[in-house]
Amino acid sequence: MPRFEPLPRAKEIQPPQFRHLETRWANVRDFLAAGSHEDGIHVIGGGPTRQLELMIGGDPFAATTGPVTVIFSGAVTERTKKVPPFFSGSGIAAMIGHPYVAISDASLELSDSMAISWYVGNSIHDTARGLAKLLTPLSRRLGKQLWLVGGSAGGFAALNIAHLLPGGPSVFAWNPQTDIVEYSRNFVTAYLTRAYPVPAASLRGDDYRDVARSALRYFGRRYTVLEDLPSQGPGRLIYLQNASDNHLRDHCIPYLHSQNYATHSPGILWRDPDHVVWVADFAPGHTALSRERLISLLTRFTTTRFDVLSEVLELDGTSEYPDDPSLRPSHLTRDCSN
């Protein structure tokens, strides 16, 4: 196992001089103690490596009934041309009509050449556990009616943080990573060398994944949802996977095996009626589902009285999801029935 040798810690980068109009809070305790919050941007803590950045609508932290949606962003395209914070998905959340929390990944403030950091954190701040602390009262209050939502890197964050929360929140994820070290080498390298004092030279060999895991363990950061999971987890899970995406092989199948999913029918895997992975031709490759499809599916799954499997079976093969199930990949689980 390669030994990780950290570089001397760099001086903390200061936040940009010009930001959106925002409300600032010293810590999570003060934010939660306020109870009710105005719609808009709220920044908790100080410095980009320590803070949590939220955009909220509909006063979600005062909600006593659900649904409430929490939105995590994926990779930021054309990152060098954009200035954080990034609240992608807030428009979709507003269209669904529930109170919502859209979360920007504050580690992206560290470098304009880093487009993705999975809400894992950096050498100073454990973002995932900070968010778990923020969302715990809401999760205890709402249980399954708290929905953690995201695709790709945001899907990883939704799965990861669901395993840190009490109350069994629900997860709606599409094409998520399930082990960030298994993602594109360029993105993994950019993250490790900018958010942590990891020497670039240590990631140039064929053993770079071992080095990356060693570094993340050194800082106590959770980088996978395939192992060492707390006993709790999502109360409901709808996991959508594009059939032509290489995430099917690299991320979805390992997750199916680690969580003991079985084949229900072609492209539909289940652990029980409320934990379902649906593999279909939603979009080509790693492309996200269309905005219209996401809004339609999220509205349906967050308001239904039925279990996840019943909803998937009713939708699968309809005019909205017409791909031929017989053409879907088979033998996705060890105990596959087809």
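The values are calculated or read from the model by the stated rules, or taken from the named source; none is laboratory data. If you're wondering where the values come from, they're calculated on a predicted model, not measured in any experiment. A quick note on method: Cβ atoms are made from the backbone with ideal geometry, for glycine too, and the neighbour counts reach across all protein chains shown. Quick note on the areas: whole protein, heavy atoms, side chains included, nothing else; ligands and nucleic acids left out. Shrake-Rupley method; radii C 1.70, N 1.55, O 1.52, S 1.80 Å.
Scan the stretch 77-94 residue by residue and report those that are of a type in the set (S, T, Y) and open to solvent by 30 Å² or more (accessible area, probe 1.4 Å). Spell out the reasoning first.
Within the stretch 77-94, the first condition is being of a type in the set (S, T, Y), and the residues that meet it are 77, 80, 88, 90.
Once the filter is applied, which keeps residues that are of a type in the set (S, T, Y) and open to solvent by 30 Å² or more (accessible area, probe 1.4 Å), the stretch 77-94 yields T77, T80, S88.
What residue, of G154, G143, G168, is within 20 Å of the chain's Cα centre (by Cα) and crowded, with 20+ Cβ neighbours inside 10 Å?
Numbers: G143 fails: crowded, with 20+ Cβ neighbours inside 10 Å; G168 fails: crowded, with 20+ Cβ neighbours inside 10 Å.
Selected residue: G154, the only one of G154, G143, G168 that is within 20 Å of the chain's Cα centre (by Cα) and crowded, with 20+ Cβ neighbours inside 10 Å.
Could you please find all residues in the stretch 123-132 being under 15 Å from E53 (Cα atoms) and either in contact with a strand residue (DSSP E or B) (Cβ under 9 Å, 6 or more places away or on another chain) or part of a loop (DSSP other than H, G, I, E, B) (or both)?
Taking the stretch 123-132 first, the residues under 15 Å from E53 (Cα atoms) are 125-132.
Result: H125, D126, T127, G130, L131.
Would you be able to say whether some residue in the stretch 245-254 is over 19 Å from S152 (Cβ atoms), within 22 Å of the chain's Cα centre (by Cα) and not hydroxyl-bearing (S, T, Y)?
No: the stretch 245-254 contains no residue that is over 19 Å from S152 (Cβ atoms), within 22 Å of the chain's Cα centre (by Cα) and not hydroxyl-bearing (S, T, Y).
Select from the stretch 95-110 the residues that are open to solvent by less than 20 Å² (accessible area, probe 1.4 Å) and assigned to a loop (DSSP other than H, G, I, E, B) and list them in ascending order.
Selection gives D105 alone.
Yes or no: P137 surrounded by fewer than 24 Cβ atoms within 10 Å (Cβ to Cβ) and at pLDDT below 95?
The answer is no for P137.
Are there strands (runs of 3 or more DSSP E) fully within the stretch 27-78 with at least 3 residues that are at pLDDT below 95? List them.
Those strands (runs of 3 or more DSSP E) span 40-44, 52-57.
Of everything in the stretch 144-184 that's touching a strand residue (DSSP E or B) at 6+ places or on another chain (Cβ under 8 Å) and hydroxyl-bearing (S, T, Y), which residue is farthest from P67 (Cα to Cα)?
T178
Among the residues that make up the stretch 318-325, is at least one of them closer than 22 Å to T69 by Cβ and under 23 Å from the mean Cα position of the chain (by Cα)?
Looking for residues that are closer than 22 Å to T69 by Cβ and under 23 Å from the mean Cα position of the chain (by Cα), one finds none in the stretch 318-325, hence no.
Among the numbered criteria (1) open to solvent by less than 10 Å² (accessible area, probe 1.4 Å); (2) of a type in the set (G, A, S); (3) in a loop (DSSP other than H, G, I, E, B); (4) closer than 27 Å to R140 by Cβ, which one does S117 miss?
Of (1) open to solvent by less than 10 Å² (accessible area, probe 1.4 Å); (2) of a type in the set (G, A, S); (3) in a loop (DSSP other than H, G, I, E, B); (4) closer than 27 Å to R140 by Cβ, only one is false for S117: (4).
Tell me whether the stretch 117-128 contains one or more residues that are in contact with a helix residue (DSSP H, G or I) (Cβ under 6 Å, 6 or more places away or on another chain) and charged (D, E, K, R).
No.
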